[in-house]
Amino acid sequence: MVQFNLKQREITLKIVYYGPALSGKTTNLQVIHQVLDPDSRGRLMVLDTSDDRTLFFDLMPVFFKTQSGFTVKVKIFTVPGQVMHNSTRRVVLQGADGVVFTADSQKSLSKANKESWRDMANNLKINGLDLNEISMVIQFNKRDLPEVRSDDEIAEVARRGKEPVYKATAIRGKGVMETLEGILRLTWRSLNVKHNLEEKLQVTENEFITGVLKPSDRVGGPSFRQEEGDLR
Amino acid sequence: MKSVSPPSTMDSSVLQKSFSLGELLDLESFREVCESYAGLFQIGFKIFDRSRELLVDVKGSGADFCAYLFQLPEGKVRCTREVSIIRDLEISGRDPIYYDCHTGLRYALAPIFHEGDAIGRLLYGPYLPADVSPPDLSYLGERFNPGIASRLLGNVRKVRSDVVFKVIRHLTQTIEVMLFIGYKHVLISRLHVEAVTASYADLQVKNQELAESFRRLKELDRLKSNFLATVSHELRTPLTSVIGYSEMLLERLAGPLTDEQREYIGTIMEKGEQLLGLISSILDFSKIDTGALRLNPTPTNVVEVTRSAVTTVMPMARKLGVTIDFAAEQKTPIIHADTDKIRQVLVNILGNAIKFNRKDGTVFVKVAPISRPSQSARVGEDLPVALIPAMEEFVSIAVADTGVGIPSDKLDRIFDSFYQVDGSSTREYGGTGLGLAITRNLVEVHGGIIEVESKPEKGSTFTVLLPIEPVT
């Protein structure tokens, strides 16, 4: 739940990457960490086990000061995907303002996607959050692998569902920042309707997006392109 | 069943909390690092948290000079005022700001960031700037001794601005890394507790559901046993009449019978008695199941009871071509038990040994006293090991057959009620599946043990161990 600290002129939003095990949630966060300006993001906290599976969660804060003097913070979390960590997922999901559901594009993992979605719906409910109200985008990751759901199939899914759908190959940085921008815009709009943020904070949606997504100016950094045929 | 939802985790999680500088650092260890740093550059510094509380104060080469000035009345006034001014100076951005005090020494003030927040500040100094000449301090009054002051000032570290800038950047970065590590550990440990608490709450809900389900099943089981007892009783009454009247007909109380009539009535009586046996088993089982079974213990000669049971099953053995080999040790002691129930147990086991034997097979029956190490895990025993005798004395009745045997994966289940090793509708052997369940219960209410060993196609051995010490 968005936190306001009017005394310190500060607002904190929470974005959570949810999805089945090994669908690339941590990879998304690693790319975001690499792309964003080091002065406007914190260190990437990765809490994984020795086999590179997320044990608790990953966390990276992003922050900027608005022209009106407010500090805007966005805390980006990932949940552990393995089934056994359900209670940790529930704790991490608590108070989320926006959720990116990172699905695995491989056909063989459709069932895992569905199970993770149901698990998320249940955990949202237990946390007092409404699946139909929370800001949500779906990312189909691992587009570079063979035996994945076809572009047509994903376009059809996107057409039928209400959640915006993004395609990504997070390991190559493709589609990651677009997905993040998508969820940030959706979350901002939703919070603006509820809390009248633009008037309270004197911040426009574009200032918010530009502030959070300020790229690193390091020369020779990786180039991150949008996945072709993005569905927005 | 009423479904129970897991509890909500709406109470604020550690992930939503912000921490102060002091909460994220182990202050004792942190002070050691700071002292080491101050020693390296010979410049002291102070660290304050967001609310300006002093967390660390380490002295450097300027300490003696400042202490000398501080003991002068005018020096004390000026130093106190300036320290509070410097501490509260506004800093914007990440770069340090500088302040020259009345003595000509310089301080630098830099923010300490954590997750984009300035959660503390570093007050670095005093040091002697390389590019500044010390001012005249004669305004400090008559007690001021320029010679002492000059000597002590000579000890103060003289340093260039660019070096100070680099040292401060390095020090704040080190502190920020320590804060990050501290934050990581706080999150891991507290989130772990939160996750375990949430799992515990989930398990509690599941346990509650299981307990409720168990209670309902027990109630259903009790109803089932009551039903069995009632039905068995109601079936037995008319069946007794069927058998009784058949017997009267056979005894020609209603007149002479042809051979054919005698044969038919004989069959009615035989099948009626078989049915009565089955119904009695069900009744016995339901009595045991509902705890209604009462023992009538008397001094029992197990050898004689076994011999009598062998006699009972002998006609059945002859019919199936099975030989019974009976052996008993004469020293077998008399035990305290319900003789009828022990006979029922033995008849049942012997009956099975004959029924599941091969044609022209043998049943070996052996009665003997044995002693063996105590098993403290015996049913109903919760005594400490020290109070259990090392050896226990039993009368053992072993019944071995040379039949089909029991597959090893089914051995654990043969004492379960209604269980049949061959549960198919085309099975070779009849029965209710209650015989061994009743047998085990009857043995256990005597404080005894029933064990089975089996080798498929070689045969099975059932051993009943009855305690020589009477059960209290």
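The values are calculated or read from the model by the stated rules, or taken from the named source; none is laboratory data. Bear in mind the structure is a predicted one, so any value in this text is a computation, not a measurement. Neighbour counts are summed over all protein chains in view; Cβ atoms, including those assigned to glycine, are modelled from backbone coordinates with ideal geometry.
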ask   = If you take the residues in the range B:294-345 that are without any contact (Cβ under 8 Å) to a residue 24 or more places away in the chain and of a type outside the set (Asp, Glu), which one is surrounded by the most Cβ atoms within 10 Å (Cβ to Cβ)?
value = B:ARG307
query = Regarding B:LYS359, is this residue without any contact (Cβ under 8 Å) to a residue 40 or more places away in the chain and out of contact with any Lys or Arg (no Cβ under 8 Å at 6 or more places or on another chain)?
reply = yes
note = The condition from (1) exposed (fewer than 12 other Cβ atoms within 10 Å of the Cβ); (2) away from chain A (no Cβ under 14 Å); (3) not in a loop (DSSP other than H, G, I, E, B) that B:LEU239 misses is numbered (1)
query = How many of the residues in the range B:162-179 are surrounded by fewer than 16 Cβ atoms within 10 Å (Cβ to Cβ) and facing chain A (nearest Cβ under 9 Å)?
reply = 1
task = Confirm whether A:ARG160 is surrounded by fewer than 21 Cβ atoms within 10 Å (Cβ to Cβ) and in contact (Cβ under 8 Å) with a residue 40 or more places away in the chain.
result = no
ask   = If we scan the range B:283-291, do we find a residue that is outside the structural domain of B:VAL443 (by TED's automatic domain parsing), assigned to a loop (DSSP other than H, G, I, E, B) and within 48 Å of the chain's Cα centre (by Cα)?
value = yes
When residues of the range A:10-54 are limited to those that are surrounded by fewer than 17 Cβ atoms within 10 Å (Cβ to Cβ) and over 18 Å from the mean Cα position of the chain (by Cα), the one nearest to A:VAL203 (Cα to Cα) = A:ASP39
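A quick yes/no check of all residues on (1) modelled with pLDDT of 80 or more; (2) part of a loop (DSSP other than H, G, I, E, B); (3) surrounded by fewer than 12 Cβ atoms within 10 Å (Cβ to Cβ); (4) not assigned by TED's automatic domain parsing to the domain that holds B:ARG372:
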{"site": "B:PHE415", "(1), (2), (3), (4)": "yes, yes, no, no"}
{"site": "B:GLY430", "(1), (2), (3), (4)": "no, yes, yes, no"}
{"site": "B:GLY433", "(1), (2), (3), (4)": "no, yes, no, no"}
{"site": "B:LEU436", "(1), (2), (3), (4)": "yes, no, no, no"}
{"site": "B:THR439", "(1), (2), (3), (4)": "yes, no, no, no"}
{"site": "B:VAL443", "(1), (2), (3), (4)": "yes, no, no, no"}
{"site": "B:GLY447", "(1), (2), (3), (4)": "yes, yes, no, no"}
{"site": "B:GLU453", "(1), (2), (3), (4)": "yes, no, no, no"}
{"site": "B:SER460", "(1), (2), (3), (4)": "yes, no, no, no"}
message = Which condition from (1) among the small types (Gly, Ala, Ser); (2) crowded, with 24+ Cβ neighbours inside 10 Å; (3) under 16 Å from A:SER23 (Cβ atoms) is the one that A:ALA96 breaks?
response = (3)
key: 3 or more residues within 9 Å of chain B (Cβ to nearest Cβ): qualifying strands (runs of 3 or more DSSP E) within the range A:1-110   = A:10-18, A:54-65, A:71-78
task = Tell me, please, whether a residue that is at pLDDT below 95, of a type in the set (Lys, Arg) and in a helix (DSSP H, G or I) can be found in the range A:174-191.
result = no
request  = Can you run down the residue pairs with Cβ atoms below 9 Å, 6 or more apart or on separate chains, where the first is in the range B:260-272 and under 17 Å from B:SER241 (Cβ atoms) and the partner is among the charged types (D, E, K, R)?
outcome  = B:ILE265/B:GLU247; B:MET269/B:GLU247
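Could you please find all residues in the range B:195-205 being within 16 Å of A:ASN123 (Cβ to Cβ) and without any contact (Cβ under 8 Å) to a residue 40 or more places away in the chain? Before you say what the answer is, go through the steps one by one.
Of the residues in the range B:195-205, the ones within 16 Å of A:ASN123 (Cβ to Cβ) are B:195, B:197-199, B:201-202, B:205.
Within the range B:195-205, B:ALA195, B:THR197, B:SER199 meet the criteria.
So which of B:ARG94, B:ARG87, B:ARG106, B:ARG31 ends up being under 30 Å from A:VAL74 (Cβ atoms), touching a strand residue (DSSP E or B) at 6+ places or on another chain (Cβ under 8 Å) and in the same structural domain as B:LEU153 (by TED's automatic domain parsing)?
That would be B:ARG94, the only listed residue that is under 30 Å from A:VAL74 (Cβ atoms), touching a strand residue (DSSP E or B) at 6+ places or on another chain (Cβ under 8 Å) and in the same structural domain as B:LEU153 (by TED's automatic domain parsing).
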task = Please specify each residue of the range A:133-161 satisfying the condition of being at pLDDT below 90 and assigned to a loop (DSSP other than H, G, I, E, B).
result = A:GLY161
Of the criteria (1) among the small types (Gly, Ala, Ser); (2) in a helix (DSSP H, G or I); (3) under 60 Å from the mean Cα position of the chain (by Cα), which one B:ALA67 fails = (3)
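Listed here are the residues, each with its yes/no results for (1) modelled with pLDDT under 85; (2) surrounded by 16 or more Cβ atoms within 10 Å (Cβ to Cβ).
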| residue | (1), (2) |
| --- | --- |
| B:LYS366 | no, yes |
| B:VAL379 | yes, no |
| B:ASP382 | yes, no |
| B:ALA386 | yes, no |
| B:GLU392 | yes, yes |
message = When you scan the range A:115-122, do you find a residue that is in a loop (DSSP other than H, G, I, E, B) and more than 13 Å from the chain's Cα centre (by Cα), even just one?
response = no
query = Restricting the range B:10-46 to residues that are aromatic (Phe, Trp, Tyr) and away from chain A (no Cβ under 14 Å), which is surrounded by the most Cβ atoms within 10 Å (Cβ to Cβ)?
reply = B:PHE45
task = Search the range B:182-206 for residues being exposed (fewer than 14 other Cβ atoms within 10 Å of the Cβ) and of a type in the set (A, V, I, L, M), and hand back the single one that is nearest to B:SER18 (Cα to Cα).
result = B:VAL193
